[in-house]
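Peer 1: Let me give you the structure first, and then I'll get to my questions.
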Amino acid sequence: NRLLGRASRATAGAGVRVALGLCVVVVAAGLAARTWHRNHDYRSNLALWRATTQSHPMNPRAWNNLGGVLLRQAAVEEAIAPLQRAVEIAPWYGAAWTNLANALAETRRFEDAYQVTLQAERSVGKASTALLITRGWALVEIGQPSEAKLVLDEAIERDPANANAWTNLANALCALGD
């Protein structure tokens, strides 16, 4: 009788171990499947940020990064919508404003780029040097080189080594005839 009791407890213990082992295998398989699925999202920066904006649509960083990837891939026109979404979600997000202004300037929509730099400054509180450089570029292109010179002088005062600021200042001076 004692022998049968021990045998039944051993059998019950083995059953629990098998059940636990099966649970571990099922969980591991589920995690592996999820990892395999997420690897599809990580195949490129573009795929990653597209997936992130889908799964987290209120994340301004994801929208800004999607726009930034598109800018770097020269899909400038396509970059504008995600960048607009980023500043809608987070009007305080200076990097998104700068990227949006640059995208508009790259598409030769200089008046829009200029207006975005002004709106950014109102929203953020102070224009970044990069935003000032884009504003100066836009001002030159919309025929306001005197104003561009003032803006670019400020950008150069902040960052004297910035080649884009100097280039845009040279363009403003050429437009002024100086």
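The values are calculated or read from the model by the stated rules, or taken from the named source; none is laboratory data. Keep in mind the model is a prediction, meaning the values are calculated, not measured. When we count neighbours, we look across all protein chains shown, and the Cβ atoms used for this are built from the backbone with ideal geometry, even at glycine. All accessible areas refer to the heavy atoms of the entire protein, side chains included, with ligands and DNA or RNA removed. Shrake-Rupley method; radii C 1.70, N 1.55, O 1.52, S 1.80 Å.
Peer 1: For the stretch 36-178, report the accessible area per residue in Å² (1.4 Å probe, heavy atoms, rounded to an integer).
Peer 2: For the stretch 36-178, the per-residue accessible area is 53 Å².
Peer 1: Can you pull the one-decimal nm distance between simple spin-label points at E157 and H56, each 7 Å off the Cα toward Cβ?
Peer 2: Roughly 3.8 nm, to one decimal.
Peer 1: Still on this structure: Any idea of S123's accessible area? Nearest 10 Å², probe 1.4 Å.
Peer 2: 50
Peer 1: I would also like to ask the following. Keeping the other protein chains in place, figure out the carbon and sulfur percent of the accessible area of the stretch 53-162, with a 1.4 Å probe.
Peer 2: C and S atoms contribute 50 percent here.
Peer 1: Give a residue-ordered list of calculated ³J(HN,Hα) values for the stretch 77-82 (Karplus: 6.51 cos²θ - 1.76 cosθ + 1.60, θ = phi - 60°; whole Hz; x for Gly, Pro).
Peer 2: 4, 5, 6, 4, 4, x
Peer 1: Karplus couplings for the stretch 163-176 from phi (6.51 cos²θ - 1.76 cosθ + 1.60, θ = phi - 60°), rounded to Hz, Gly and Pro as x?
Peer 2: 3J(HN,Hα) across the stretch 163-176, in whole Hz: 5, 5, 4, 5, 4, 5, 5, 4, 5, 5, 5, 4, 5, 7.
Peer 1: Can you work out the FRET efficiency for the pair Q119 and S44, with r the C-beta to C-beta distance and R0 = 35 Å, to the nearest 0.05?
Peer 2: My answer for the efficiency is 0.65.
Peer 1: Per residue of the stretch 63-74, in order, report the coupling 6.51 cos²θ - 1.76 cosθ + 1.60 (Karplus, θ = phi - 60°) as ³J(HN,Hα) in whole Hz, putting x for Gly and Pro.
Peer 2: Whole-Hz 3J(HN,Hα) from phi for the stretch 63-74: 5, 5, 5, 4, x, x, 4, 5, 4, 5, 8, 6.
Peer 1: Further question on the same structure: How do the peptides 55-68, 130-143 rank, highest first, by the average count of neighbouring beta carbon atoms within 10 Å per residue?
Peer 2: Final packing ranking: 130-143, 55-68.
Peer 1: Compute the Kirkwood hydrodynamic radius of the stretch 51-178, taking the inverse of the mean of 1/r over all pairs of distinct Cα atoms, and give it in Å to one decimal.
Peer 2: On the way: mean 1/r = 0.0682 Å⁻¹.
Averaging 1/r across every pair of different Cα atoms and inverting gives 14.7 Å.
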